[in-house]
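The values are calculated or read from the model by the stated rules, or taken from the named source; none is laboratory data. Not measured: the values here are computed from a predicted model. Cβ atoms come from the backbone with ideal geometry, glycine included; neighbour counts cover every protein chain shown. Just the protein is used for accessible areas: all its heavy atoms, side chains included, with ligands, DNA and RNA removed. Shrake-Rupley method; radii C 1.70, N 1.55, O 1.52, S 1.80 Å.
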Amino acid sequence: MSPSDLPPLPGGTVTFLFTDIAGSSGLWERGPNEMRASLAFHDELIHRYVAQHGGSVVKHLGDGCWAAFPTAQAAVEAAITFQEAHQQGSADQPLQLSVRIGLHTGPIEPTGRDYFGPVVNRAARIVDLAGGNQIVCSAPTASLLKGIRTQSDGDHELRGIGTEEIHLVLDDRIVTATDPLRRPVAPNNLPTPKTTFVGRGHDLETAAAHVAQNEIVTLIGPGGVGKTRLAIEIARDVGPLFGHHVHFCDLVPLTDGDGLIESVAATVGARRQPGMTLLESTIDYLTDRNTLLIFDNCEHVIDAVREIVDRLACDGVHVLATSREALQLQGEQQVLVAPLDVSGSGIDLFVDRAQRRDPRFMLTDDNREAVGQIVGRLDGIPLAIELAAARIRLMTPAELAKRLGDGHRVLERGGAKRHETLHNTVLWSYELLTEAEAKLFTRLSVFAGGFSLVAAEEICAGDSILGADVPDLLLSLVDKSMVQSNDSNGHQRFRLLEALRSFASDRLFESGESAHYQDQHATVYTQIAVTASAEIFSGSEADVWRLIDDEWANFRHAFESLSREDDFDQRVELTLALVWYSCNAMRYEVFGWAKELLRSASAQTHPRFTDLCGAAALGSYFMVDGQVAEVAERGLDADPSDPSGYCRIALAAVFLNNVHSPEESDGLTSDWLASNPQTTSSRLWAHGFRVFHLATQGQVEEAIGHAHAVAAIATETNSPTAKAIAAWAAGQTASFQSLDAGLKIWSDGIEWSRSLPSAHLLDQLLTGMILHVTVRRGELGPSLQSCRDAISDAITQHYHAGTSHLFGVAAIALSRAGDPTTGARLIGAMMANGHLPRRNARLELEQALGEQLEPLLDAGQTLGITDAAQLALASLDTALESLES
């Protein structure tokens, strides 16, 4: 059925229904064929009962489904009847799946065959709270139900959004699990293996104990011995000790040590801070956090790893590294990872992986000896065993054993033999590939980390391999364990294990094709970035964020490749395509690229010189390095039209947030609009900053017109970011008539910013507006608590420039609570970072401290942002405790 034949999606007040299968990952591992049939039964039922109750299926998401209904009553009836039929089962359902269902109601309009925004975001989070055989709904949904029993479970935290009162739906027609509702754990990026973990029970127990007790633990062993998989299992085992704050740093995509700290910072969420290197910023971010960092595949950048780990291992931070050699650091606990026992767990692994390829395979008396020979000849190396087992549908164990015996030389014992064994096994597997499979396999080595099917089709086609051939060839490589696959954000992604990637890369180089496919990679990923940038302010914005985040290692690799080839034009194009995502997601690596490009002799005459200056100026604003105006004005001198608006946005941020010069901000914002900005982003911010200027000067009527212009752009684009900016602007004008109205608009705006996949700059801006109004109202308790929450969130996001802005309003609240001394020190710290306090904060402290103010301001200027934030949080806690006593 084509999209045009489908019934229209409901609009207005819509109830969303999400289903998900509990424990699906393990079910896929244990019985992929049975799981496939059972999922088909689930899908058939959900389509039947959604349609029967007047709903529409929006899309399938992994192992679940998303549907929309015009009424809450219809949605919950569909959920109950579906659950009833599903629990009764069918002969066509080999597994009895346990399904969880979540429902939420809110105002929303469809965009084509999809929905976007906070209502969807809340509904998707609510299903995460349900256990298997449970139906849960939000309070808005429960309030609309008639004749349906629900039981409130109180407020629950929705990850990254806030709280929602959750109700458990109860009905005699279905079996409802009595388990407590699930509580989401802290997010981490630990990979989820698709296969079972075989053997190594003692190794796992011992190494986990070492990680809990030592700051640095290194798993040492040859390639293919299973270090990465053991590290993942260790992290899963000890994760609760670290509050599930576990970060997996995949070092395979790095070509040298220069990009290591950028990769680590991006993985943990650290951002370069004023006056600090990125390494210092990352240490600052991780200090006193209960965190486990996994550095995987260290050997090719070991000098850089050694230096960084030595600095990063600080209070509350533990490092688990995998490497072919020790880091040789003081306090390092080394754990040797040996091959599997060739007469025990090695055979178990072969049988397990063979049965994944052919469920009929069994270990019998007839084939036991041959399986033992296979594992023995492969020295118990897990990767080699998996590659051999992947051929079980092609050869019997006896045939495999003979082939391996014919193809392996008997070498000296020890590490050299194990290395040669793995190399020979990979070579043997490679030589069994068809010519087309072998060509694709070597070309896939150009990717940094993971890649999509579309990227493989575009980059790896050529020389007798058509783009249309790539899907089947790639599937064959996955089936033969030469390529791994996994689900990321509802999309299938692929990657090569390091030992296989290294082998493939060598073969590609030997073929003389390496430079060609590296160039292809850089060109395609530049175009991917350019295409994504065109959708960054659109209804597809959330998908764009996920794509850019998934492909970040490939973008970095492309920039490095283009640097080696000295391709200045493509580097500029790639860098500028990622600017808006980097601004909004507070990911600052790209701004460093822009500054690097500006140092080139080619920059001054490049057509996009002004945009480069603007990108570098935005980086200077976030880094508070004092160069914003100089760099931005250099760009405007070259091209006053400021094509992308980057230069004026950077200047507006400085004049309105840091300098507070009414004359300069008036001239800047009015001239900006007079220049007739062309891009969506420039128009949004030109009107938005004009609202900010006019509202602070009390010119409300004129500000309202510009707020309406921002709202029109938000409606036109359907972009969550644009809607958050529109809320930022509208709340400023509405608050002149009613503070409550302004607060409501800003709170709604925060929901839009949080509907995107990761932390958003607008979240910080909107929180700051709410905080200023809260303090302005003069309610001491709420003011103190709001200041504490805002500073804590900003420092958690490692957004130090924003944290510094909050010190001014916190100083007012603390002064009113009887602690102007701390308030003055916070203002001093704020000034040290180039942020001038607003006049009301300065007046508040002058009245409280008189002549004591200046010495305290001087003392505060010696505080770094982190120290000042900790001082603020401690003082706010003390003030809150005093209020309660």
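Which whole-number percentage describes the relative contact order of the stretch 562-697, with Cα contacts under 8 Å and a sequence gap of 6 or more?
Working: 166 pairs, mean separation 22.6, N = 136.
Dividing the mean separation by the residue count of the stretch 562-697 yields 17 percent.
Counting only helical runs of four or more DSSP H residues, what would the 222 nm mean residue ellipticity of the chain come to if each run contributes -39,500 (n - 2.57) and the total is spread over all its residues?
Only helices count here, giving -18000 deg cm²/dmol.
Sorted from largest to smallest, which semi-axis lengths in Å does the alpha carbon gyration tensor of the stretch 605-684 give for its equivalent ellipsoid, taking the root of 5 times each eigenvalue?
Here the semi-axes work out to 18, 16, 10 Å.
Consider the candidate values (1) 0.98; (2) 1.02; (3) 1.17; state which one is Rg/Rh (Cα atoms, Kirkwood Rh) computed from the structure displayed.
Checked against the structure: label (1).
Does anyone have the angle between helix 761-777 and the longest principal axis of the chain? Alpha-carbon axes, 0 to 90°, nearest 10?
Roughly 40 degrees, rounded to the nearest 10.
Please give the peptides 570-577, 377-384 ranked by average Cβ packing (other Cβ atoms within 10 Å per residue), highest first, as a rough proxy for protection. Before the final figure, lay out each step's value.
Details: 570-577: 23.2, 377-384: 25.5.
Put in order of decreasing packing, that is 377-384, 570-577.
Could you pull out every residue, at least 5 positions away or on a different chain, whose amide H is within less than 5 Å of the one on residue 216? Hs are placed 1.01 Å off N in the peptide plane, and Pro or chain starts have none.
For residue 216, whose amide H was placed from the backbone, the distant partners under 5 Å are 319, 333.
By how many nm would the segment from residue 468 to residue 206 grow when fully extended, if each residue of separation counts as 0.36 nm and the alpha-carbon distance is taken off?
89.5 nm
Residue 639 to residue 627: extension gain in nm, 0.36 nm per residue of separation minus the Cα-Cα distance?
Working it through step by step, the gained length comes to 2.4 nm.
Could you calculate the contour length gain from residue 712 to residue 858, that is, 0.36 nm times the residue separation minus the distance between their Cα atoms, to one decimal place in nm?
Here the answer is 47.9 nm.
Working from Cα positions, state the angle (0 to 90°, nearest 10) between the long axis of helix 680-696 and the longest principal axis of the chain.
30
Would you be so kind as to identify which of 320, 40, 300 lies farthest towards the positive end of the dipole of the chain, taking Lys and Arg as +1 and Asp and Glu as -1 on Cβ and the Cα centre as origin?
In the chain, that residue is 40.
Per residue, what accessible area does the chain have, given a 1.4 Å probe and all protein chains present, in Å²?
For the chain, the solvent-accessible area averages 40 Å² per residue.
What are the residues whose amide H is under 5 Å from the amide H of residue 396, where those residues sit 5 or more places off or on another chain and H is modelled from the backbone?
Amide H neighbours of residue 396, under 5 Å, 5+ apart: none.
Let me check against my output: what whole-number percent is the relative contact order of the chain, with C-alpha pairs under 8 Å and at least 6 apart?
Details: 1497 pairs, mean separation 64.7, N = 885.
7 percent.
With θ taken as phi - 60° and the coefficients 6.51, -1.76 and 1.60, list the Karplus ³J(HN,Hα) couplings across the stretch 209-223 in order, rounded to whole Hz; mark glycine and proline as x.
5, 4, 5, 5, 9, 10, 6, 10, 10, 10, 8, 10, x, x, x
Kindly express, to the nearest 10 degrees and within the range 0 to 90, the angle between helix 345-357's C-alpha long axis and the longest C-alpha principal axis of the chain.
80
Checking the table 194/439; 146/723; 402/480; 227/402; 194/227 against a 24 Å threshold on Cα-Cα, which pairs fail?
Pairs exceeding the cut-off: 194/439; 146/723; 227/402.
Rounded to the nearest percent, how much of the accessible area of the chain (1.4 Å probe, protein heavy atoms only) is carbon and sulfur?
Solvent-exposed carbon and sulfur of the chain make up 49 percent of the total.
What residues have an amide H closer than 5 Å to that of residue 291, excluding those fewer than 5 places away on the same chain, when H is modeled at 1.01 Å from N in the peptide plane?
317, 318
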